[in-house]
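Undergrad: Here you go, one structure.
Each reported figure results from applying straightforward, stated rules to the coordinates on display, with no laboratory input. Owing to the predicted nature of the structure, the values given are computational and were not obtained by experimental measurement. Ideal geometry is used to build each Cβ from the backbone, glycine not excepted, and the neighbour counts take in all protein chains shown.
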Amino acid sequence: MTLNKGMGGHHSATAITETWLTPPSIIQALGSSSSFDLDPCAAPMPRPWDTARNHYTWPEQDGLRLPWEARVWLNPPYGRAMTDWLKKMSRHNKGTALIFARTETEAYHEFVWPYASGILFLRGRLHFHYPDGRRAEANSGAPSVLVAYGEEDVERLIQSGLDGAFVGLTRPVLLHMVLNFEQPMPHWREVVCDAIKNLGGMARLQDIYSALENHPRTRANPHWKAKIRQTIGRLQLPRIDNGQYALFA
């Protein structure tokens, strides 16, 4: 959960809500809500989805004063208060935070760069969700990052499949990346084109779904079917007889 405080928060100053929910695909890519033990500043009930096994509901419960346990998910209130949340996260040193990519700020220099294990700079701008679960029409207005604290969370970040650029910050993480170097995840356009090529150069949408249902890209994205349709549209693949899409007309 994040509170929007005017222009410094998510979306615009004319937004109809101050509570913005984390996109559920982010939580799922990092291991699902049950893999996080605590969200110390969760959205009030009724919540359309959980973000952890246990929640402190902000502002009724002050997660800055209450004890934190095990793996923490943190989407903090933005603005000046965010520094206090990142300070506690850096001391706890086990979990993942979702914040804006304002890397020049004091909060980064004090509590991210010296303590975090790795950062994923997410591609594009997120669309957060309203308290009832609806996806916001406008994006967040700024790029976002996922900041991992501790070995487990940096490993989940690396394996998440989320679009973006990962930066390791500690020597063990950098060594791990060197020893376990893998080719970067292919772009969706490559994934879709390769699937159609392997299906003989043309294929129905359902056949493409079946060919890609176990691909690493699809396992990391709960809306992968929509992503495939979007990719086909962007590639402007011709649709020929019997509803098949072809690589070449």
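Undergrad: State, as an integer percentage, the relative contact order of the chain based on alpha-carbon contacts under 8 Å between residues 6 or more apart. If you can, show how the numbers build up before the last one.
TA: On the way: 433 pairs, mean separation 40.6, N = 249.
RCO, the chain: 16 percent.
Undergrad: Let me ask something else. Starting from the 7 Å offset along Cα-to-Cβ, what nm value, one decimal, do you get for the label separation of Ala70 and Phe121?
TA: Distance between label points: 3.4 nm.
Undergrad: For the residues Ser33, Ser140, what sequence is obtained by ranking on other C-beta atoms within 10 Å, fewest first?
TA: Values: Ser33 18, Ser140 21.
The most exposed by this proxy come first: Ser33, Ser140.
Undergrad: Excluding the sites themselves, what is the longest stretch of the chain that contains no GluC sites (Glu not before Pro) in a DSSP loop with at most 16 other C-beta atoms within 10 Å?
TA: Details: sites that count: Glu18, Glu60, Glu69, Glu104, Glu137, Glu182, Glu213.
Result for the longest clean stretch: 138-181.
Undergrad: In whole Hz, what ³J(HN,Hα) sequence does the range 110-117 give by Karplus (6.51, -1.76, 1.60; θ = phi - 60°), x for Gly and Pro?
TA: 8, 10, 10, 4, x, 10, 5, 8
Undergrad: Just going by the charge dipole of the chain, with Lys and Arg at +1 and Asp and Glu at -1 on Cβ, which of Asn242, Trp49, His187 is farthest out on the positive end?
TA: Projecting each Cα onto the dipole axis, the largest value belongs to Asn242.
Undergrad: Mind checking which lysines have their C-alpha under 21 Å from Lys197, skipping anything on the same chain fewer than 8 residues away?
TA: In chain and number order, the partners are Lys225, Lys227.
Undergrad: Report P(r) for the chain: all Cα-Cα distances, bin width 5 Å, range 0 to the bin holding the largest distance, values in whole percent.
TA: 1, 6, 13, 16, 17, 15, 11, 9, 6, 4, 2, 1, 0
Undergrad: Beyond 17 Å, how much of the Cα-Cα pair distribution for the range 60-102 remains, as a whole percent?
TA: Working: 211 of 903 pairs.
Result for the distance tail: 23 percent.
Undergrad: Then there's this: List the residues, sorted by chain then number, that are 5 or more residues from Ile99 or on another chain and whose placed amide H is less than 5 Å from its amide H.
TA: For Ile99, the qualifying residues are Val145, Val147.
Undergrad: Quick one: Debye curve from the alpha-carbon atoms of the range 35-179 only, equal weights, vacuum; give me log10 I(q)/I(0) at q = 0.14, 0.18 Å⁻¹ to two decimals.
TA: Each listed q corresponds, in turn, to -0.66, -1.12.
Undergrad: On to the next question. Name the long-range amide H neighbours of His55: under 5 Å, sequence gap of 5 or more, or other chain; modelled H, no Pro or chain starts.
TA: So His55 has HN proximity to Asp39.
Undergrad: Please report the antiparallel percentage of DSSP beta bridges with both residues in the chain, rounded to the nearest 5.
TA: Numbers: 23 of 30 bridges.
Around 75 percent antiparallel, to the nearest 5.
Undergrad: Please report, in debye to the nearest 20, how large the charge dipole of the chain is about its Cα centre when each Lys and Arg carries +1 at its beta carbon and each Asp and Glu carries -1 there. Write down the numbers at each step before the final one.
TA: Values: 27 positive and 24 negative charges, 100 e Å.
Around 480 debye, computed over the chain.
Undergrad: Report ³J(HN,Hα) in whole Hz for each residue of the range 23-33, in order, from the Karplus equation J = 6.51 cos²θ - 1.76 cosθ + 1.60 where θ = phi - 60°; Gly and Pro get x.
TA: Each residue of the range 23-33 in turn: x, x, 5, 5, 4, 5, 5, 9, x, 6, 5 Hz.
Undergrad: Once every DSSP H run of n ≥ 4 in the chain is given -39500 (n - 2.57) and the sum is divided by its residues, what mean residue ellipticity at 222 nm do you get, rounded to the nearest 500 deg cm²/dmol? List each step's numbers first, then the result.
TA: Values: 9 runs with 75 residues, N = 249.
About -8000 deg cm²/dmol.
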